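Participant: Once you've had a glance at the structure underneath, I'll fire off some questions.
Nothing in this text is a laboratory measurement; each read-out follows from the coordinates by a stated rule. Note that the structure is a prediction, hence the values are computed from the model and not measured.
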Amino acid sequence: MSFLGFGRPQPSSAEKIAAVEAEMKLLTEMANRLTKACQQKCVPSDYREAELNKGESVCLDRCAAKFFDVHMKVSEQLQQESQQRGGGGGFGFGG
């Protein structure tokens with residue numbers, strides 16, 4: 001039974017677990033893409049020092065911020081398009 005009889009029925013425990021697992025998979029894939037993209041851009045493949053220097057740290061910080069900013073904008077756009085078509089559902093992180 002749905003809340004106050006409106007909307008669709010509440011998901012079962014198995015459906016909730018599957019949704020959480022799908023969300024975790026999505027977040028893991030996003031973190032892997034972020035790591036790969038920003039590492040390739042900001043960290044040279046020939047390590048000269050054990051620690052990141054200031055330039056590399058700043059580059060990684062900006063890269064991650066841009067990655068999340070673009071992800072949020074794309075998620076919002078996809079959600080708007082989905083709602084215009086009459087579909088529902090979110091698109092992961094922040095969606």
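Participant: Could you give the length gained on full extension between GLN77 and LEU27, defined as 0.36 nm per residue of separation minus the Cα-Cα distance, in nm? Working shown, then result.
Facilitator: On the way: separation 50, 0.36 × 50 = 18.00 nm, distance 1.86 nm.
Computed gain between GLN77 and LEU27 is 16.1 nm.
Participant: Also, quick follow-up: Read phi for every residue in segment 45-62 and hand back ³J(HN,Hα) as whole Hz from Karplus 6.51 cos²θ - 1.76 cosθ + 1.60, θ = phi - 60°, with x for Gly and Pro.
Facilitator: Here the 3J(HN,Hα) series is 6, 9, 4, 9, 9, 6, 9, 5, 7, 4, x, 5, 4, 5, 4, 4, 4, 5 Hz.
Participant: Just subtract the alpha-carbon distance of PHE68 and ARG85 from 0.36 nm times their residue separation and send over the number in nm, one decimal.
Facilitator: Values: separation 17, 0.36 × 17 = 6.12 nm, distance 2.56 nm.
Full-extension gain reported as 3.6 nm.
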